[in-house]
Amino acid sequence: MNPSEYTISSLRAAFSAGETTPEEALRSLATSIDKKDGDIGGYLSYDLDLALADAENVDLSLPLGGVPVAIKDLINVEGHPCACASKMLDGKFRSPYDATVIRKLRAAGAIPFGRTNMDEFAMGSSNENSGIQPCRNPHDLDRIPGGSSGGSAAVVAADTAVAALGTDTGGSIRQPASHCGVVGLKPTYGRVSRYGLVAFASSLDQCGPMTKTVEDAALLLEVLAGSCSRDSTCLDAPVDSYREALKKDVAGLKIGLPKEYFAEGLDRQVREKVETAIRDLESRGAEIVEISLPNTEHAVATYYIIATAEASANLARFDGVRYGHRSESADDLLSVYQDSREEGFGAEVKRRILLGTYVLSSGYYDAYYLRAQKVRTLIREDFTRAFEQVDVIASPVSPTPAFKVGEKSEDPLAMYLADIYTISANLAGICGISVPCGTTAVDGKDLPVGLQLLGRPLGESGILQVAHSVEQAQS
Ligand code: GLN
């Protein structure tokens, strides 16, 4: 087998059996990237020499000993470029330190390998906002891979990575995972450290695994989760053995279906696949219960106020002075700021900074930002009530399969509305996973569909357990 086709577990087994070595795996991955990634555009860069140096003394007995992991381009890896797929940073910044998630990966023996493409500063749902290069869906090159972690999803799906890290602020792990047919897990807010991630919306961002199997996601989460002295929002709760949870079956579990998530706008074929997966869980002994999340209709507006407000503050640091692009035409301090930001940021990033600055400005703060914070509390309370009734919530990830490149890029509102099923989890701070549940035939191509499973805070074991059952039903 070509080492790039391995999962984490099978690669570890192959190392133990002496069938391949970390060096050989890295070289063969690089060959696959060179051969296949030109059409897909999932990688912005990779550095084989740095990775081979990391592989030299790797301890194969560690949980991820010798396993290469592809990294979304907003996670700092010491000595590697970190551009957030933006002209603001492209070619102008190398990370001086490792993010906590990278430190944890390294401590477990993993090798960060390759920078994956994304929507600029993680703003988008299609990867069309990458400021560097387009990224395509490996199942149909005319379609988007999803976003913003589109590169991470695409490279795992194309077997040009064994596994990858993504980040999810409003769906950016789950939605591309769904569109590319891989597993993507957004941990509970605070489960994984955000130290060393370039911030988009600090109260929503979480980093998580994107993998070929549920077992790999469980293993990666065991490594990534846990407290961090450098992130005050990171929780000190004990880390479960998530792989142990996979051994349990779903009999007796209560699974809630929010009626608002199965309403108008849901594609017929997506609904069919999701409902089939849910019926299968029922046949394995789960109890299916209809629930209501009544504030769902306000989620998109609430998210796009809070996320843009936080982004406008976070992105103020890109001022042409401290790091990143500095305009050559600027001739005084104000024009350094203005021209550097004008030239460095793409259209969607500018739109969000403008929106966010507006909702925070005096006179509008109460009407938009403060009100959005109140609605956020209502959305969180919807979930608290739901989890008094059920163990896990099941729904689609996205209303449609991957759409065509260009289909929504001129209509930001249509793009934002398609985030309807994923953003509430971030507003509520709960965990969620997308697990493949079949494919739909569109224009002669089989496009993947993901099932979303949402769990209560720190309920990752529960959603992984159900996801594992869904995965088994597929095989
Ligand atoms: N699609 C959402 C947005 O554009 C979510 C992005 C994300 O999770 N980073 O903001």
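The values are calculated or read from the model by the stated rules, or taken from the named source; none is laboratory data. From a predicted model like this one, the values you see are computed outputs, not experimental measurements. Cβ atoms come from the backbone with ideal geometry, glycine included; neighbour counts cover every protein chain shown.
Where in region 300-400 are there helices (runs of 4 or more DSSP H), lying wholly inside it, with at least 1 residues that are more than 16 Å from the ligand (Cβ to nearest atom) and farther than 29 Å from Tyr261 by Cα?
Here the list reads 333-344, 347-360.
Listed here are the residues, each with its yes/no results for (1) surrounded by fewer than 20 Cβ atoms within 10 Å (Cβ to Cβ); (2) among the aromatic types (Phe, Trp, Tyr); (3) at positive phi; (4) modelled with pLDDT of 95 or more.
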| site | (1), (2), (3), (4) |
| --- | --- |
| Glu264 | yes, no, no, no |
| Glu282 | yes, no, no, yes |
| Leu293 | no, no, no, yes |
| Ala301 | yes, no, no, yes |
| Ile305 | no, no, no, yes |
| Asp331 | yes, no, no, no |
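Restricting to region 41-69, and then to whatever is in a loop (DSSP other than H, G, I, E, B) and of a type in the set (Ser, Thr, Tyr), can you tell me which residue is surrounded by the most Cβ atoms within 10 Å (Cβ to Cβ)?
First, pick out the residues of region 41-69 that are in a loop (DSSP other than H, G, I, E, B): 41-42, 46-47, 57-67.
Remaining after also requiring of a type in the set (Ser, Thr, Tyr): 46, 61.
Working: Tyr46: 24, Ser61: 10.
Applying the filter and picking the extreme gives Tyr46.
Glu19 is checked against (1) assigned to a loop (DSSP other than H, G, I, E, B); (2) under 30 Å from Arg230 (Cα atoms); (3) touching a helix residue (DSSP H, G or I) at 6+ places or on another chain (Cβ under 9 Å) and fails just one. What number does that condition carry?
In the conditions (1) assigned to a loop (DSSP other than H, G, I, E, B); (2) under 30 Å from Arg230 (Cα atoms); (3) touching a helix residue (DSSP H, G or I) at 6+ places or on another chain (Cβ under 9 Å), Glu19 misses (2) alone.
Out of the residues in region 408-435 that are among the acidic types (Asp, Glu) and without any contact (Cβ under 8 Å) to a residue 12 or more places away in the chain, which is nearest to the ligand (Cβ to nearest atom)?
Among residues in region 408-435 that are among the acidic types (Asp, Glu) and without any contact (Cβ under 8 Å) to a residue 12 or more places away in the chain, the one nearest to the ligand (Cβ to nearest atom) is Asp411.
Of a type in the set (Lys, Arg) and assigned to a helix (DSSP H, G or I), is that true of Arg279?
yes
List the residue pairs whose Cβ atoms are under 8 Å apart, where the first residue sits in region 352-373 and is in contact (Cβ under 8 Å) with a residue 40 or more places away in the chain, the second is not in a helix (DSSP H, G or I), and the two are 6 or more positions apart or on different chains.
Cβ pairs passing all conditions: Arg352/Met123; Ile353/Phe345; Val359/Tyr365.
Which members of region 407-434 meet the condition of being part of a helix (DSSP H, G or I) and among the hydroxyl-bearing types (Ser, Thr, Tyr)?
Across region 407-434, the qualifying residues are Tyr416, Ser424.
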